[in-house]
Amino acid sequence: MKRIFLNLIFILLIQFSFSQEIDNDVNNFFLVEKNQTYVNLNGYYFIDIPKEKSYQSRLSGTIEIQDTNNINFNDVNVRFSKNNYRYYMISNLGSIMVLKSINHIKKEMDLNE
């Protein structure tokens, strides 16, 4: 029993360490002003709420946005992911904001240089 407990703690520590590294990569990406500017202009898009598909399980949260033409992610309570797109319900607009993954954004930026 003690061995199982120790193995479980070890696995959780490895997982925590890996997630910390990913979070640091995302945070470091946003420390560069040109990256922030690109994300504020191109790091997302909007979709209509799907009528036939179940989307609730994919949502990362619900937010309100007043001006979809002028988004500053320093002022919006969302989190970008290094490897995965994130989906946020926009409650006051009845649509979904899709955040591109940081890896996808980096590839786009490389193509545009």
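The values are calculated or read from the model by the stated rules, or taken from the named source; none is laboratory data. What you see is a predicted model; the values in this text were computed from it and never measured. Neighbour counts are summed over all protein chains in view; Cβ atoms, including those assigned to glycine, are modelled from backbone coordinates with ideal geometry.
Annotations for the structure displayed:
- Exactly one residue out of K107, K82 is of a type in the set (K, R), free of Cβ contacts under 8 Å to residues at least 24 places away in the same chain and farther than 16 Å from I47 by Cβ: that is K107.
- Near pairs, Cβ below 9 angstrom, 6+ apart or cross-chain, from the range 58-72 (closer than 14 Å to S95 by Cβ) to any residue that is of a type in the set (A, V, I, L, M, F, W, C) and loosely packed, with under 14 Cβ neighbours inside 10 Å: T68/F46; I71/L41
- Any hit, the range 72-81, residues being modelled with pLDDT of 90 or more, assigned to a loop (DSSP other than H, G, I, E, B), under 12 Å from the mean Cα position of the chain (by Cα) and of a type in the set (S, T, N, Q): yes
- Scanning the range 86-113 for residues that are not β-branched (V, I, T) and not in a helix (DSSP H, G or I) yields a total of 14.
- Residues of the range 38-47 satisfying the condition of being part of a helix (DSSP H, G or I) and either surrounded by 11 or more Cβ atoms within 10 Å (Cβ to Cβ) or basic (K, R) (or both): Y38, V39, N40, N42
- Residues of the range 76-113 satisfying the condition of being within 13 Å of V39 (Cα to Cα) and acidic (D, E): E108
- Residue in the range 48-62 that is in a loop (DSSP other than H, G, I, E, B), modelled with pLDDT of 90 or more and surrounded by 10 or more Cβ atoms within 10 Å (Cβ to Cβ) present: no
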